[in-house]
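A quick write-up on the structure given underneath.
The values are calculated or read from the model by the stated rules, or taken from the named source; none is laboratory data. The shown structure was predicted, so the numbers you read here are calculated from the model rather than taken from an experiment. Note that each Cβ is placed from the backbone with ideal geometry, even for glycine, and that neighbours are counted across all protein chains shown. These accessible areas exclude ligands, DNA and RNA; they are computed on the full protein's heavy atoms, side chains included. Shrake-Rupley method; radii C 1.70, N 1.55, O 1.52, S 1.80 Å.
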Amino acid sequence: MRIPLIAANWKMFKTVHERIAFIKEFRTLVKDVADVEIVIAPPFTALHAAAEAARASTVAIAAQDAFWEKEGAFTGQVSVGMVKEAGAEYVILGHSERRRLFGDSDETVNRKVIAALNAGLTPIFCIGETLEERENSATLEVLDRQIRKGLDGVTGDQAAGLVIAYEPVWAIGTGRNASPQQAGEAHAHIRGRVRQWFGGAAGDQCRIIYGGSVKPDNIHELVTLPDVDGGLVGGASLDVRGFSEIVARSRQGAV
């Protein structure tokens, strides 16, 4: 049985004070939730404060990215050890905005995934196609390439504990989202590849979540699909009531 996971990606929003206030209110709203895993990813500047605000609650903290080297002359970078020391348990890697705006490639994402696993962090490994790739019927080919290269060197046991986020790039921040049929097909394909390349146990245990304009009014339909195990939520996670509603509506979709 896979426990649903709902993750909030706050991107470059909210002051530290606003983030702490959000978490303090949010943790009371979800204090009785035991059948959904909840993760919030604030910017680096709030990792420690957010982890302190979430302490002894049902909320875990994630970093939005991390670098693969332990230390060194890498101005502007933050290592996996640093984000773990700050209180993060998860780290988002390979997000389409990182790939598109900051040049993250399948190879560099892979280095980050390996470093995160070695540091004891759980990667939320993001994959997904652009609109042009979908219109050219290349979706499955793109997903295969991103999985193969991004998870190169990952063991079956490690793959079982991963969170894979399928986020069609054309649905992020656009108000558009993949139809249940599109999401279901992509998730089933991803799970099939994990099972084929990393073993049956990994395929059964790995959680695959959907990202791309997730909202309270579409989360339930998504998580009731057999291979969708939760959501990676962007803009809708910035409202405390709205995000708590997304968590509540995802509970009925537990598999």
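At a glance:
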read-out: Qualifying residue in the range 148-155 (condition: among the aliphatic types (A, V, I, L, M) and not in a loop (DSSP other than H, G, I, E, B)); value: no
read-out: Qualifying residues in the range 117-147 (those that are among the polar types (S, T, N, Q) and in a helix (DSSP H, G or I)) - the one nearest to residue 82 (Cα to Cα); value: 118
read-out: Condition check for residue 244: on the phi < 0 side of the Ramachandran plot and either not in a helix (DSSP H, G or I) or not aliphatic (A, V, I, L, M) (or both); value: yes
read-out: Which listed residue, of 178, 159, is modelled with pLDDT under 95 and either in a loop (DSSP other than H, G, I, E, B) or within 21 Å of residue 2 (Cα to Cα) (or both); value: 178
read-out: Residue that is nearest to residue 39 (Cα to Cα) [pool: residues in the range 181-219 that are in a helix (DSSP H, G or I) and acidic (Asp, Glu)]; value: 204
read-out: Top-ranked residue of the range 119-131 - restricted to ones that are under 13 Å from residue 162 (Cα atoms) and not hydrophobic (A, V, I, L, M, F, W, C), ranked as least open to solvent (accessible area, probe 1.4 Å); value: 123
read-out: Helices (runs of 4 or more DSSP H) (entirely within the range 27-102) containing at least 3 residues that are closer than 23 Å to residue 164 by Cα and in contact with a helix residue (DSSP H, G or I) (Cβ under 8 Å, 6 or more places away or on another chain); value: 96-102
read-out: Residue count, the range 217-237 (criterion: open to solvent by 30 Å² or more (accessible area, probe 1.4 Å) and not aliphatic (A, V, I, L, M)); value: 7
read-out: Tabulated pairs, the range 2-24, first open to solvent by 70 Å² or more (accessible area, probe 1.4 Å), second of a type outside the set (A, V, I, L, M) and modelled with pLDDT under 95, C-beta under 7 angstrom, 6+ apart or interchain; value: 3/35
read-out: Residues within the range 60-92 that are basic (Lys, Arg) and either on the phi > 0 side of the Ramachandran plot or open to solvent by less than 30 Å² (accessible area, probe 1.4 Å) (or both), tallied; value: 0
read-out: Matching residues in the range 135-191 - criterion: being open to solvent by 50 Å² or more (accessible area, probe 1.4 Å) and polar (S, T, N, Q); value: 136, 137, 155, 158, 174, 177, 181, 182
